[in-house]
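A.B. asks: Pasting a structure below so you can have a look.
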Amino acid sequence: MDRRTFAFLLKKYLKGEATERERLIVEQWYALIDEGPRTLHPAEWEALEQRLWAKLENKAGLSAEEPSRPLLLKIKPFIPYAAAACASIVLLIVYTLWPQKPTLAPLDNGQALMINKENKVLTVSLEDGSKVMLGPQSQLRYPKKFAKDHREVDLIGEAFFEISENPQRPFFVNAGKITTKVLGTSFRVKAPQGQADVEVSVKTGKVSVYEKNKKQGDNSIKKSNGVILSPNHQVTFMADRAIFVTELVEQPVPVSPEEGQGPHFDFDDTPLAEVLRVLENTYSIDLELERKALKDCPLTANLTNKGLYAQLDLICAAIQGSYELKGTTILINGKGCD
């Protein structure tokens, strides 16, 4: 018998519609619960339930495959102790089957710990106006009130940060063995629990990412091991080798659109060097031509409403060329124009 079947049986018991065999199962469950302590932690309830379930099947002569067979016998009156048993069963089933809600745990040192147990992103509002989109199964530790000269949080898991700008109070995110420092920007940090590598990607602004000093509470930058990231760039800290690997994000997005509207890429006989300059400014990335002769090739094309890599495909088709990624730089080569 599975839990759903047992829950259906319980409803019949409460309505006075259970057979004698079904009533026996419910009362056996109550008797087993009565053998143990009434005040248990959730984890202990889970373990206890598994033991009781096995004992119940053994005592009542049930098997996982055997459905309850109705017996047309007289039902005894419903009694108070059975009501208590039913309440215990309902609470236990609800606890184990209902999705767990996010947990906000206040700490003794003036900080709070937000644990996102749901399977969706949770928005956490900080006291300075910053917002953190905390990923599923992730944890964020933060002060209820930030210090006067800096703002600092600790992350386990994944989160996207939108930080309110305040040059006098830099924002620090500790994740694994690295610290990300910003003044005001939006960025994502991935620091999965149980994994040493950490990934940071930037959407707007600039951030510095560096290895934390071993000295407790020291967030000073280790200049020999750190990077500065611009929009559409990301870095992965390889903890086993203590190195940073930088690259472009998977799907770069415009970071400097025209006021009130997206960027326009409608070119008419425009030199390739000018086209690439527009793309560089729009995406905050580096584009290089491997052959200088390509810079004067004219391009007539409408690249509006296309992603960066789709735009590059069209450009390369026009010059009979190709492009490749070299770290955070995109290199373009081709036969040129006639």
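A.B. asks: For residues that are in a strand (DSSP E or B) and hydrophobic (A, V, I, L, M, F, W, C), scanning just the stretch 154-166, find the one that is nearest to residue 143 (Cα to Cα).
C.D. replies: Residue satisfying both the conditions and the ranking: 155.
A.B. asks: Kindly list, by first and then second residue, each pair from a residue in the stretch 294-313 that is closer than 12 Å to residue 252 by Cα to a residue that is loosely packed, with under 12 Cβ neighbours inside 10 Å, limited to pairs with Cβ atoms under 7 Å and residues at least 6 apart or on different chains.
C.D. replies: Correct list of pairs: 307/251.
A.B. asks: Mind checking whether some residue in the stretch 269-284 is among the β-branched types (Val, Ile, Thr), at pLDDT 90 or above and in a loop (DSSP other than H, G, I, E, B)?
C.D. replies: no
A.B. asks: Here's something else I'd like to know. Starting from residues that are touching a Ser or Thr at 6+ places or on another chain (Cβ under 6 Å) and farther than 20 Å from residue 202 by Cα, keep the ones in the stretch 115-160 and report whichever is surrounded by the fewest Cβ atoms within 10 Å (Cβ to Cβ).
C.D. replies: Applying the filter and picking the extreme gives 128.
A.B. asks: Among the residues of the stretch 305-317, which ones are modelled with pLDDT of 90 or more and either touching a Gly at 6+ places or on another chain (Cβ under 9 Å) or among the aromatic types (Phe, Trp, Tyr) (or both)?
C.D. replies: 309, 315, 316
A.B. asks: Hey, among the residues in the stretch 294-326 that are exposed (fewer than 13 other Cβ atoms within 10 Å of the Cβ) and of a type in the set (A, V, I, L, M), which one's farthest from residue 271 (Cα to Cα)?
C.D. replies: Looking at residues that are exposed (fewer than 13 other Cβ atoms within 10 Å of the Cβ) and of a type in the set (A, V, I, L, M), I get 325.
A.B. asks: Please specify each residue of the stretch 114-146 satisfying the condition of being more than 20 Å from residue 182 (Cβ to Cβ) and among the acidic types (Asp, Glu).
C.D. replies: Of everything in the stretch 114-146, just one residue is more than 20 Å from residue 182 (Cβ to Cβ) and among the acidic types (Asp, Glu), namely 118.
The values are calculated or read from the model by the stated rules, or taken from the named source; none is laboratory data. Please read all numbers here as calculations on a predicted model, not as lab measurements. Cβ atoms come from the backbone with ideal geometry, glycine included; neighbour counts cover every protein chain shown.
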